[in-house]
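A.B. asks: Below is a structure I'd like to ask you about.
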Amino acid sequence: YQAPTERFLCKPSDNIYSVNFLEFRIRDIDSGVELFAVSKPPELGPELNDDIDDSHRFIRYNFGPEFLSYKCIGTTLTFSVGEKPVRNFRMIERHYMDSKLLKSFDFNCDFCIPGSVNTMESIYDMPELNALDRQRLTTVPFVSQSDSFYFVENKLIMHNKAEYSYAS
């Protein structure tokens, strides 16, 4: 996709592996400083009901302009899986400004044991931005979006969307 999707490309019930995101952290690689953290209690479980509000698959981040000065960030995603083995769990994440692709990331976890809690760490080189793009990102809140696609054995099981503000 060369622009953010307009809708979700799968249903919550497609998550037949009961992948449940428990914690997400972002840190600056150079300093080790934690920039963002969110978690949820594991007992809430994954959202598998197709009747749920799509807001459960959408998040807004407010990072501020200083976030764009980081050269490299690391993310840690902690997740649990249900009773089925998870083979070739792959995440593709695409970040956009308006309809312009800024950066695409592709991460893979070979295997998750049924009933396990797992951690996936990813390192992101931040995209180099020209002055006009940087100005637009810091003056227009939520002009930046992302799609995160999650696959098991090449089948899309989850799709999340996000918007980002780097404004003061």
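The values are calculated or read from the model by the stated rules, or taken from the named source; none is laboratory data. Quick caveat: nothing in here was measured; it's all calculated off a predicted structure. All Cβ positions, glycine included, derive from the backbone under ideal geometry; neighbour counts span all protein chains shown. Areas reflect the complete protein model, heavy atoms only, side chains present, ligands, DNA and RNA absent. Shrake-Rupley method; radii C 1.70, N 1.55, O 1.52, S 1.80 Å.
A.B. asks: Between a first residue in segment 13-30 that is assigned to a loop (DSSP other than H, G, I, E, B) and a second residue that is open to solvent by 60 Å² or more (accessible area, probe 1.4 Å) and modelled with pLDDT of 95 or more, which pairs have beta carbons less than 6 Å apart while being 6 or more apart in sequence or on different chains?
C.D. replies: Y17/K84
A.B. asks: Okay, next question. As an exercise: evaluate N154 against (1) of a type outside the set (S, T, Y); (2) closer than 25 Å to L9 by Cβ; (3) open to solvent by less than 20 Å² (accessible area, probe 1.4 Å) and give the number of the one condition it does not meet.
C.D. replies: Against the list (1) of a type outside the set (S, T, Y); (2) closer than 25 Å to L9 by Cβ; (3) open to solvent by less than 20 Å² (accessible area, probe 1.4 Å), N154 comes up short only on (3).
A.B. asks: Tell me, yes or no, whether segment 82-89 has at least one residue that is modelled with pLDDT of 95 or more, of a type in the set (A, V, I, L, M) and open to solvent by less than 30 Å² (accessible area, probe 1.4 Å).
C.D. replies: yes
A.B. asks: For segment 105-126, give me each residue that is open to solvent by less than 40 Å² (accessible area, probe 1.4 Å) and either farther than 17 Å from K71 by Cβ or at pLDDT 95 or above (or both).
C.D. replies: Scanning segment 105-126 gives F107, C109, C112, S116, N118, M120.
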